[in-house]
Amino acid sequence: MNQILYTIENGEEKNKTKNIIIFFAIAIMIFGIMIVAMGGYKIAAARAAREEAKVPNIELAFEEEYNNAIIRVNHIREIDNIKYSWNGGEEVVLDENSSEGIEEYIEVPSGTNILNVTVTDIEGKTSTIAQSFTYKGSYMEVSVVDNKSLRIVVTDMAGLQSVSYKWNNNEEIVEYPSRNDQTVIEITSDIPVGENTISVRAVNNENEIEEKQTTVKGIARPTIDIKYNADKTIISAKLNDSQGIRSYSYKLSNAPISAISENGSIIPEFKDKLTLVTSQTIQGGGQNSIEEQLQFLEGFNYLEITVINIEGVEETFAGWCAK
């Protein structure tokens, strides 16, 4: 009887021990899972924080053959815009909608200049970079001045030997740099009337040759020729334009000489003393030459004429005659 009782009690103790072991095992497993989960969360949070803190990656390069600065951008997020300026001047904004493989080609101006670039992603994170670029070879700038002259500016940091140019098939004209500054040659040339082709050729001190050809339309300005008869009673205004006159206008005003002069000189505010005699605007109808005659009055006569040709180029005249 005692033996049976001991066996039963011993079995109950073993069951209690087994339950305790299972309990602690489960607790350890749960604790371990919690530790792993917390560690994973911390790693994920740290990774997200690192990604959040990342800013766009910018690289600048120089395409020497075409004198282009290249802006390359890569990022984990989409890029909103790229802003750039030369030497801190006017800023240019380029809109983007990508995050990888962005390339923008920017023409490098003449001389040595600093390119400033700012890149902003869709979350407002920005990166900036600046780099100096030097134009390789001869930089040519060709511009029209006052519809009748062509301005050619050639710049080369290596120094220029010469710049030559010619209109159409005419004789070539050669210009040389000054001794004080061999990096730039500036030329001004009258534009022949009509459609023209100008060819420019620059040679620098490294014997590199740069050539440029462009078409320019030459527009002549109208001319105004004023004459009057011996007794100053009639004034003749001859208007000429080889392309044709679109319209012209004239205005004749008069005042007593005593009202506009002081101590033998015309007063600065003489226009305030004038009285309008006649004023007209007349269509030219494309004529190449028109002549108008006007009668002068006693006293101080002030004549103003404006001529506009069919190309919209304007010429003016203003003068006086005392009778």
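The values are calculated or read from the model by the stated rules, or taken from the named source; none is laboratory data. Remember, it's a predicted structure, so these values are computed and weren't measured experimentally. Methodologically, a virtual Cβ is constructed for each residue, glycine included, from the backbone with ideal geometry; neighbour enumeration extends over all protein chains shown.
Looking only at residues that are surrounded by 14 or more Cβ atoms within 10 Å (Cβ to Cβ) and outside any strand (DSSP E or B) in the stretch 250-276, which one is nearest to the chain's Cα centre (by Cα)? Checking each candidate, the answer is Phe270.
Taken over the stretch 164-183, the criterion of being surrounded by 13 or more Cβ atoms within 10 Å (Cβ to Cβ) and either farther than 17 Å from Gly111 by Cα or in the same structural domain as Ser242 (by TED's automatic domain parsing) (or both) is satisfied by Ser164, Tyr165, Lys166, Trp167, Glu175.
Does the stretch 63-75 contain any residue that is assigned to a strand (DSSP E or B), at pLDDT 65 or above and more than 20 Å from Thr120 (Cβ to Cβ)? Yes, because at least one residue in the stretch 63-75 is assigned to a strand (DSSP E or B), at pLDDT 65 or above and more than 20 Å from Thr120 (Cβ to Cβ). Each residue in the stretch 290-313 was checked for being exposed (fewer than 14 other Cβ atoms within 10 Å of the Cβ) and either in a strand (DSSP E or B) or of a type in the set (S, T, N, Q) (or both), and 3 of them qualify.
Looking across the stretch 148-183, the residues that are in a loop (DSSP other than H, G, I, E, B) and touching a strand residue (DSSP E or B) at 6+ places or on another chain (Cβ under 8 Å) come down to Lys148, Asp156, Met157, Ala158, Gly159, Asn168, Glu172, Tyr176, Pro177, Gln182, Thr183. Got a sec? Which of Gly159, Gly137 is touching a residue at least 60 places away in the same chain (Cβ under 8 Å) and either touching a His at 6+ places or on another chain (Cβ under 9 Å) or surrounded by 13 or more Cβ atoms within 10 Å (Cβ to Cβ) (or both)? Going through Gly159, Gly137 in turn, just one is touching a residue at least 60 places away in the same chain (Cβ under 8 Å) and either touching a His at 6+ places or on another chain (Cβ under 9 Å) or surrounded by 13 or more Cβ atoms within 10 Å (Cβ to Cβ) (or both): Gly137. Among residues of the stretch 59-81 that are closer than 13 Å to Tyr105 by Cβ, those with a beta-carbon under 7 Å from a residue that is assigned to a loop (DSSP other than H, G, I, E, B) and among the hydroxyl-bearing types (Ser, Thr, Tyr) at least six positions away or on a different chain give the pairs Asn67/Tyr135.
Among the residues of the stretch 122-166, the ones that are among the polar types (S, T, N, Q) and closer than 23 Å to Glu91 by Cβ come to 6 in all.
Residues Ser279, Ser247, Ser236: which one is of a type in the set (Ser, Thr, Tyr), touching a residue at least 60 places away in the same chain (Cβ under 8 Å) and either surrounded by fewer than 18 Cβ atoms within 10 Å (Cβ to Cβ) or closer than 30 Å to Gly194 by Cα (or both)?
Values: Ser279 fails: touching a residue at least 60 places away in the same chain (Cβ under 8 Å); Ser236 fails: touching a residue at least 60 places away in the same chain (Cβ under 8 Å).
The conditions single out Ser247.
For the stretch 184-221, what are the residues that are crowded, with 16+ Cβ neighbours inside 10 Å, part of a strand (DSSP E or B) and touching an Asp or Glu at 6+ places or on another chain (Cβ under 6 Å)? Those that are crowded, with 16+ Cβ neighbours inside 10 Å, part of a strand (DSSP E or B) and touching an Asp or Glu at 6+ places or on another chain (Cβ under 6 Å): Ile185, Ile187, Arg201, Ala202, Asn204. Within the stretch 82-101, the set of residues being among the charged types (D, E, K, R) and either free of Cβ contacts under 8 Å to residues at least 12 places away in the same chain or part of a strand (DSSP E or B) (or both) comprises Lys83, Glu90, Glu91, Asp95.
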